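Readers should treat all values here as calculations from the given coordinates under stated rules, not as data from a laboratory. Keep in mind the model is a prediction, meaning the values are calculated, not measured. Cβ sites come from the backbone with ideal geometry, for glycine too, and all protein chains shown count toward neighbours.
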Amino acid sequence: MQIEQHILDKVNEWLTPVFDADTHAEIQKLMTSSPEELKESFYQNLDFGTGGMRGVMGVGTNRINKYTLGKNTQGLSNYLHQSFPGEEIKVAIAYDCRNNSDTLAKVVADVFSANGIKVYLFSELRPTPELSFAVRHLKCHCGIVLTASHNPPEYNGYKVYWQDGGQLVPPQDKEIVTVIEQLAYDEIKFESNPALIEYINKEIDEAFVDSSIEHAGFNTPNSDKDNFKIVYTPLHGTSIVSIPPVLSKAGYKNVIIVKEQEKPDGNFPTVKSPNPEEPEALSMATKLAEELGADMVVGTDPDCDRLGVAVRNNEGKLTLLNGNQVMVVMTDFLLKEWKNNGKLNGKQFVGTTIVSTPMMNEVASAFGVECKVGLTGFKWIAKMIVDFPEQEFIAGGEESFGYMVGDAVRDKDAVASTLLVCEIATKAKAKGSSLYNELIQLYVEHGFFKEELISLTKKGISGAQEIKQMMIDWRENPLQSIAGEKVVMVEDYLNSVAKNQLTGEDETIDMPKADVLIYYTENGTKIAARPSGTEPKIKFYISVNEPLDKAENASIVEKQLDGKIAQILKELNIG
C-alpha cells in the first residue's frame, strides 16, 4: 500500500539513534508485515481529549509508549518551571492495573526527576480518585495517572491534574500542548534523579479512606448494615485496594467480593469490556448476588472512577441502574441531609453536564439549590469549584456512571460513591423501602425521565472521517421534528450558538467550544450528538420524560417511554 510522505518522514525520524533498538525493530517489523498498522501508528499525534490522552500501546506518534509519554512529561516539566519560577515543584503519580502502567509510570517519574521536579510515586497501583486526593493532600503543583479507564486491554493513557486536584482545563491544556508540540524527541531527559523520587502508600491511603468516610458516611446503625448484603466486583481493577477498606471501616461487614474478578489484571480475562456501564460486565456479580440473595451489586471500572449499581426492583429482580438514575438518587439524598441539618442557605450548588439527565435540574430546584451545567467530562464539574469559591459544592455527577461527593476529590470517585450508595440503600431497606422505590418516588415528584445512550464505534482513519461527516450532516440538515414532536431549540457548542427554531433567534452559548449538538423538542425530549474525546466512537444521548401520577403506574409509563425511544432510534437510524 502507498504511505504518504509525511507519515514516512515520521517513521524515518523514529529510526534514528534517538530511539532505542527495540523501537527500531518493531517499526521494521510493521514495515514488512503490517504497513496499514504502521500508517495507523504514525498518521497523527495522540491528542488530549475529554479524559486526557488515551491510545493503543505500541510504537509511533499515535500510540502510547515511553517516547510519546516522555515528550508529554518533558513539555509539562518545562511548563511547570515557567509557571512556578523559584518554587520547589512537586508532582504526584499513580497508575492502574493496565499492562505496562507501572513501567510507564516510572518513565514519567524519571523524566520529571531529571528536570529537577520532586516526585511522589505510588509504590503500587491506586485508584484515580486517590491520585486527585493526593495532589491536594501533598500540596503538589500537578498530578499524573497512567490509565485508560474502561478502554480495551490494548489501551493505556495519561491524565494530567492541576493544583486544585482537577484535570487540566483551558487555558492550561492548550498552553501545555503548545509547549509539547514545540519539543523534539532528543530534548527528552530520561535520566532519572532517584533522590527526587519518593514512594508513597500507607499514609495517603489512610487519609484517603478517612476522607471518603467523612464525605459519604451518614452514621447508619451497624445493625442495619449487618442486615444489608452487598456483592462487589472490582472487575480486575484498582478499586480492590480502596473500596473494601472504606466499607469495612464504615461498618459494612456483609460484603462479598467476586473472587474471579478480585485480582488486578490488565487483560480483564472474565469480561468483554471492564465497563460497568455495560450489563455484561456485571453479569458474574449479578449471578452471585442472585445465588446469595444479596440486596445490591456494585462494580467499578479499572481505575475506580465509575461505578455500576444493580438493585432489586419491585418484583425482587436485580436491575442495573444507569448513571443518570444513580446520580439523581444520590443528589436527592445529599440535599435532604443538608436540608435536615440546616446547612442549605442559598449558597450551595450541585454540578452536572450537558449530556446528562435534565432531571438533575428538577431535583436541585426542589431544594432551592442551583444546578450548574458544564461540558461533558468531569474536569468541568471540578472547574466549577474553582470558578465559584463563594458557593459551597455539595456533589456532582454525569451520565457515564461518575459521581463526586464533596470537594476532597476533584474527579469521578467510585470509592466515596460506593459508600454513599450503600448508605442510601441500607437506610431505605431499614425503613421498609428500597433504593429502587426511592427512585420511583423521585419520578412521581419530578416526572419520569428515561435516558438511552447509543455508541457507534468507528475505528481508524476512515472511522474518524465518518464521524466527522455525521456531525457535519447533523449541522447542515438539522432535524425539524423527533418522534412527532417539533424541535424548538438546537444548541451547537462548536459554533457557540443556540438557535430557537420557532422564532429564528440566536443566543450565544457561554461555554468553551466543543463538538456537541443538542436538539430539544416541544415536549421536553432531548437528543445530543457528540464524538467521544477518548474513544473512536460517536455517541447519541437520548432523554425523554412523562409525568408519573403514582408509583403503581411506573411500569406503564416506562413502557411508553421505551416506545418513544425505540421510535427515535428508528427515525435516526442509529439503533
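Here are the numbers for this structure:
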item	result
Structure-based [θ]222 nm, the chain - -39500 (n - 2.57) summed over DSSP H runs of at least 4, per residue, nearest 500	-12000 deg cm²/dmol
Cα-projected label distance for LYS253 with ASN99, points at 7 Å along beta-carbon direction, nm	4.2 nm
Highest average packing first - 512-525, 466-479, Cβ atoms within 10 Å	512-525, 466-479
Lysines with Cα under 23 Å of LYS459, excluding same-chain neighbours fewer than 8 positions away	LYS10, LYS29, LYS39, LYS159, LYS272, LYS468, LYS537, LYS539
Two-site FRET efficiency, GLU124 against THR270, from Cβ-Cβ distance with R₀ of 22 Å, rounded to 0.05	0.50
Spacing of the two label points (7 Å from each Cα toward its C-beta) at PHE190 and ALA25, in nm	1.5 nm
Cross-link pairs LYS90/LYS383; LYS379/LYS499; LYS174/LYS513; LYS372/LYS550 - those with Cα-Cα distance over 19 Å	LYS90/LYS383; LYS379/LYS499; LYS372/LYS550
Sparse-neighbour loop sites [trypsin sites (Lys or Arg not before Pro); the stretch 302-365; at most 13 other C-beta within 10 Å; DSSP]	LYS317, LYS343, LYS347
Chain lengthening between ALA366 and GLU290 when straightened (0.36 nm per residue, less Cα-Cα)	23.7 nm
Candidates per GluC sites (Glu not before Pro) in the stretch 233-329, loop by DSSP, up to 11 other Cβ within 10 Å	GLU315
Gained length - GLU337 relative to ARG475, 0.36 nm times residue gap less alpha-carbon distance	45.3 nm
Sparse-neighbourhood loop sites, trypsin sites (Lys or Arg not before Pro) in the stretch 384-448 - DSSP loop, at most 12 other Cβ within 10 angstrom	LYS431
Gain in span if fully extended, GLU198 to ILE556, counting 0.36 nm per residue against the direct Cα distance	123.0 nm
Paramagnetic reach from HIS6 (point 7 Å along Cα→Cβ, amide N under 16 Å) across the stretch 60-81	61-62
Rough spin-label spacing in nm, given labels placed 7 Å along Cα→Cβ, for SER33 and GLN391	5.6 nm
Whole-Hz couplings from phi, Karplus 6.51/-1.76/1.60, listed for the stretch 98-106; x for Gly and Pro	5, 4, 6, 4, 5, 5, 5, 4, 5
